[in-house]
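First the structure, in the form of structure tokens, and then the observations on it.
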Amino acid sequence: MRELPKLFGDQSEDLAALFLEQEGYLVIERNYFARKLGEIDIIAQKDEVLHFIEVKSGKADFDPVYNVTPAKLRKVINSAHYYMKRKNIDVLFSVDALVIRGDELEFIENVTL
């Protein structure tokens with residue numbers, strides 16, 4: 001049996017992927033791990049733009065958007081560059097956050113530091 005936090009995280013990512021697909025995104029990869037750099041929760045494409053998406057959710061009174069930190073964004077950005085170099089891809093890209101609060105989803109495109 002999986003640990004409860006891991007299970008909750010997986011369910012949140014499943015919900016995020018479903019949301020993105022309903023919004024017209026093509027989910028290319030999930031849980032892409034760039035060694036020594038970090039993990040990208042979801043990689044999706046829409047309108048010739050590659051989206052590297054960090055999913056944050058929480059059950060507590062603490063808003064999960066505050067877990068989208070500059071340090072986390074740097075890891076996602078570095079991992080995105082690594083991904084594109086490894087796959088020999090040269091396209092426009094965006095680093096995004098998808099925040100899940102209960103049954104509410106907020107998609108924040110092009111998050112900056």
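Only the coordinates and a few stated rules stand behind these numbers; no lab work does. Note that this is a predicted model, so its numbers are computed, not measured. Cβ sites come from the backbone with ideal geometry, for glycine too, and all protein chains shown count toward neighbours.
What the table below lists for this structure:
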item: Any hit, the range 47-56, residues being not β-branched (Val, Ile, Thr) and not in a strand (DSSP E or B); result: yes
item: Enumeration of residues in the range 20-31 that are touching a strand residue (DSSP E or B) at 6+ places or on another chain (Cβ under 9 Å) and either surrounded by fewer than 16 Cβ atoms within 10 Å (Cβ to Cβ) or closer than 16 Å to Lys87 by Cβ (or both); result: Glu21, Glu23, Gly24, Leu26, Val27, Ile28, Glu29, Arg30, Asn31
item: So Leu73, is it aliphatic (A, V, I, L, M), touching a Leu at 6+ places or on another chain (Cβ under 8 Å) and closer than 19 Å to Asn31 by Cα; result: yes
item: Residues of the range 78-107 satisfying the condition of being surrounded by fewer than 19 Cβ atoms within 10 Å (Cβ to Cβ), touching a strand residue (DSSP E or B) at 6+ places or on another chain (Cβ under 6 Å) and assigned to a helix (DSSP H, G or I); result: Tyr82
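Residue-wise test of (1) charged (D, E, K, R); (2) in a helix (DSSP H, G or I).
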{"position": "Glu13", "(1), (2)": "yes, yes"}
{"position": "Phe19", "(1), (2)": "no, yes"}
{"position": "Val27", "(1), (2)": "no, no"}
{"position": "Ile42", "(1), (2)": "no, no"}
{"position": "Gln45", "(1), (2)": "no, no"}
